[in-house]
Amino acid sequence: MKMGYRLLLVDRDGVLVSEFQLTENALAQPEAFVAALQESIESVEEEL
């Protein structure tokens, strides 16, 4: 695993929905990271 931070997205039951790794590359391209995060959240909301 690369150095950096991990962002774990879980549902209300604590089930892992998605995982994102914040590396220097991700932080250098915040628009792409935010877009991927928004897509993941929207897909979770659609399932609810």
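Look at Ser18 and say whether it is part of a strand (DSSP E or B) and of a type in the set (Ser, Thr, Tyr). Judged against the criteria, Ser18 is a match.
State yes or no: is Leu9 open to solvent by less than 80 Å² (accessible area, probe 1.4 Å), touching a Phe, Trp or Tyr at 6+ places or on another chain (Cβ under 8 Å), part of a strand (DSSP E or B) and touching a residue at least 12 places away in the same chain (Cβ under 8 Å)? Write out each step before concluding.
On the way: open to solvent by less than 80 Å² (accessible area, probe 1.4 Å): yes; touching a Phe, Trp or Tyr at 6+ places or on another chain (Cβ under 8 Å): yes; part of a strand (DSSP E or B): yes; touching a residue at least 12 places away in the same chain (Cβ under 8 Å): yes.
Here the answer is yes, as Leu9 does meet what is asked.
Within region 17-42, the residues that satisfy the criterion of being open to solvent by 80 Å² or more (accessible area, probe 1.4 Å) and within 11 Å of the chain's Cα centre (by Cα) are Glu19, Gln38, Glu39.
Just one of (1) surrounded by 10 or more Cβ atoms within 10 Å (Cβ to Cβ); (2) in a helix (DSSP H, G or I) fails for Glu45. It is (1).
The set of residues in region 19-37 being closer than 18 Å to Arg6 by Cβ and of a type outside the set (A, V, I, L, M, F, W, C) consists of Glu19, Gln21, Thr23, Glu24, Asn25, Gln29, Pro30.
Applying the set (1) modelled with pLDDT under 85; (2) within 8 Å of the chain's Cα centre (by Cα) to Leu8 leaves exactly one unmet item: (1).
The values are calculated or read from the model by the stated rules, or taken from the named source; none is laboratory data. No experiment lies behind these values; they were computed from the predicted model shown. Heads up, the Cβs are rebuilt from the backbone with ideal geometry, glycines too, and the neighbour counts pull from every protein chain shown. Heads up: the accessible areas ignore ligands, DNA and RNA and are worked out on the full protein's heavy atoms, side chains in. Shrake-Rupley method; radii C 1.70, N 1.55, O 1.52, S 1.80 Å.
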